[in-house]
Structure formats: C-alpha cells, structure tokens
1. When the chain is fully extended, how far beyond the present Cα-Cα distance does residue 93 get from residue 29, taking 0.36 nm per residue of separation?
2. To the nearest 500 deg cm²/dmol, what mean residue ellipticity at 222 nm is calculated for the chain from DSSP H runs of n ≥ 4 alone, each contributing -39,500 (n - 2.57), summed and divided by the residues?
3. Counting only pairs 8 or more places apart or on different chains, how many lysine pairs in the chain have C-alpha atoms closer than 15 Å?
4. Please find, in a Gaussian network model of the chain (springs between Cα atoms separated by less than 10 Å), the residue of 78, 11, 123 whose mean-square fluctuation is greatest.
5. How much length would be gained if the chain were fully extended between residue 81 and residue 130, taking 0.36 nm per residue of separation minus their Cα-Cα distance, in nm to one decimal?
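Bear in mind that the values in this text are calculations on the coordinates, not laboratory data. These figures come from a predicted structure and were not determined experimentally.
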Amino acid sequence: YDLLKEVPGMGEKGAFFLKLFPQVFRMYSVEKAQEERKPELLSFDQVYRQLRPKYIGRDTEVVCLMLLDSQSRLIFCGVISEGDASACAVYVKKVVSIALQYNASFAILSHNHPSGSLLPSSGDLSVTRKVFRALSEIDVTLLDHIILTEKDGFSFANNQIMPELFEPY
C-alpha cells in the first residue's frame, strides 16, 4: 500500500483498491472453480485447477488441504495454515482432525513457494512423511503433496520423490 501511494498520480483510494485486487480476484477464482468442478478428481490437472485459485496473489506461504471421499469426489479444499514469505507450519494434528471431521478417504496436501522454486525442501519432505504416516493411521491415503509457484506446479507423486510412499495417480 505504501509503495503504491508513492507512484506519481496514485492517491490513497487508488492504492487501496489495487492492494485489494489480488484478494478479490482470488475469492472470485475459488468460487468459479467450485462451480465448475467435476464430480471426481482423478488427475493431476484436475487437482491443479482446483488448487490454483487458492494461491492467486499470495506473497506468503500457505498450506491447503484437499480431501476426497471414497469415490474421489472433492469434499473439502481449504487453507489450513498461513506463514511468511519463506515458511509455513503444517500441523499434523490439524490435518488429521479435518480429515476425520469430513470422513475423508484420500487427501492431497499443497503449499506454495512464493520464491518461485518448485524444488521441495528437506522440510517439505519431512512434513510429507509425517502427514502420510499420521493419515495412514486413520485409514486416509495421502495421494500427493503439490508445490505451486506463480506459474507452475510440482507433484511429489508424479515425480516419484518418495516412491516408498506414493504411487502416481
């Protein structure tokens, strides 16, 4: 906001409007994706299209959880944690609690890397293992962990980062 106000010819109202634009567009995109969603999410592209709007205009790391029923139909997709520009905590207990609340059969974890790097960090690998193990204890299968940047997405499952844990879908 402060940087926008420094632009010649930009007033306070204009700066305020432009600052709100990414959040408004994100809300619109999420609603549009929900209206257009297919009954089943069976491919990376379908999952990616559902997740992408959750990250529009964000300059901090955010973690989203997607839950599917036994027929691979979307039953929950929401932000479960927000962090700063370089990190975001994933609370395994919260993931398990939400999965139980929705009686999920499958889960997909995702987060963004505002830096633009698609490569998973050692922390990303560690938290994925923890979430995978915790969900397996309640008979929920973690299908994937997806990292999104402004322009692209990276699937742990499709890239066989952890073949002992994932099968590509």
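1. Values: separation 64, 0.36 × 64 = 23.04 nm, distance 2.90 nm.
Separation in residues times 0.36 nm, less the Cα-Cα distance, equals 20.1 nm.
2. Values: 5 runs with 63 residues, N = 169.
So the calculated ellipticity at 222 nm is -11500 deg cm²/dmol.
3. Working: 5/13; 5/19; 32/54; 54/151; 93/130; 94/130.
Counting lysine pairs in the chain gives 6.
4. 11
5. On the way: separation 49, 0.36 × 49 = 17.64 nm, distance 1.61 nm.
Gain in length upon complete extension: 16.0 nm.
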